[in-house]
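The values are calculated or read from the model by the stated rules, or taken from the named source; none is laboratory data. Please read these numbers as outputs of a predicted model, since none were measured by experiment. We place every Cβ from the backbone using ideal geometry, glycine too, and count neighbours over all the protein chains shown. Areas reflect the complete protein model, heavy atoms only, side chains present, ligands, DNA and RNA absent. Shrake-Rupley method; radii C 1.70, N 1.55, O 1.52, S 1.80 Å.
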Amino acid sequence: MVQTETIATESLLIHKNVNYYKMANKVEVKELLEAGVHFGHMTRKWDPNMAPYIYMERNGIHIINLYKTAAKIEEANEALKKIVASGRKILFVATKKQAKDIVAEKAAAANMPYITERWPGGMLTNFVTIRKAVKKMASIDRMKKDGTFLTLSKKERLQVDRLRAKLEKNLGSIADMTRLPAALFVVDIKAEHIAIKEAQKLNIPIFAMVDTNSDPRQVDYVIPANDDASKSIDKILSLVTNAIIEGHSERKTEKDDQPVVAAPAPEVANSTEE
């Protein structure tokens, strides 16, 4: 049986002795450790392509090198800030039970769209159809506002309400996403393999928490981390969404700092006395 506290303590000692990695500016390795970000999967379930991010094996479990995780978080955050500062959106994807509520809360706080229910097939590759479904939801809302809804029979109103509830559950969080996202942020790329494939097909950059049982080659910005524990997910999402919020602030500051160009004065025609 793996003794969690023992591994955590030993991992901290290990990381303290690693002096060839500089700690990232804003990411505290100790905080990542306390959140359990370093716990990978059992060694027999590992993906060999994750070897560069694994520090060691302990009691049958791979331990992730948190200095590399911290550096990768900083790298991802810089790229995310640039995307947001340019006015584009990042779509967050996490449908697993322990991640969905965290992702919904953090993404909403950063004013970003998210998918936490079943991934709608064609969400990216058939975006026009998805937009039609979202517009249907808006159409139902208009019916309720203008009184048209009340002219329907009781059975029809019940059917419309059920449709509206279903659309809200699956697509409500992307209602304001009027065009394809500039990037995806995924928690557990094995669970969200359909989303990954759609993004790859459209060359949409993928940011992701990647555990030791996954192939990091599928991702553009890899954050090696425990993608199963809620504390780990919460810690990574907090760092990422804080960077996105900073990107929003930078964009607002740039807009506010832009000089207001006065409209040119109208030309006055020279009058000649006769």
Open item on the list: What FRET efficiency comes out for Ser86 versus His193 if R0 is 25 angstrom and r is the Cβ-Cβ distance? Round to the nearest 0.05.
Closed with: 0.30
- [ ] Take the alpha carbon gyration tensor of the stretch 142-261, find the square roots of its eigenvalues, order them as a ≥ b ≥ c, and report rounded if a/c is under 1.5; if not, report prolate when a/b exceeds b/c, else oblate.
- [x] oblate
Task: Proximal lysines relative to Lys30, as straight alpha-carbon distance under 18 Å, when same-chain residues fewer than 8 apart are discounted - done: Lys16, Lys22, Lys68, Lys72, Lys231, Lys235
Task: Global geometry of the stretch 205-253, whether rounded, prolate or oblate, following the gyration tensor of its Cα atoms and the 1.5 cut on a/c - done: oblate
Open item on the list: I need to check one value: relative contact order of the stretch 25-129, counting alpha carbon pairs closer than 8 Å and at least 6 residues apart, in percent.
Closed with: 19
Task: Shape category assigned to the stretch 18-117 from the gyration tensor of Cα positions, a/c cut at 1.5 - done: oblate
- [ ] Please tell me the relative contact order of the stretch 145-214 in percent, rounded to the nearest whole number, where contacts are Cα pairs under 8 Å and at least six residues apart.
- [x] 27
- [ ] Evaluate the relative contact order of the stretch 98-233 (contact order divided by residue number), counting alpha-carbon pairs under 8 angstrom at least 6 apart; express in whole percent.
- [x] 25
Task: Heavy-atom accessible surface of the stretch 133-228: percent carbon and sulfur, 1.4 Å - done: 51
TODO: With a Förster radius of 51 Å, plug the Cβ-Cβ distance of Asp141 and Lys231 into 1/(1 + (r/R0)^6) and report the FRET value to the nearest 0.05.
DONE: 0.85
Task: Pairwise centroid distance, computed over Cα atoms, of the stretch 127-172 with the stretch 185-227, Å - done: 33
- [ ] Would you mind computing, in nm to one decimal, how far apart the modelled labels at Glu117 and Arg251 are, each placed 7 Å from Cα along Cα→Cβ?
- [x] 2.6
TODO: Just subtract the alpha-carbon distance of Asn59 and Glu34 from 0.36 nm times their residue separation and send over the number in nm, one decimal.
DONE: 7.1 nm
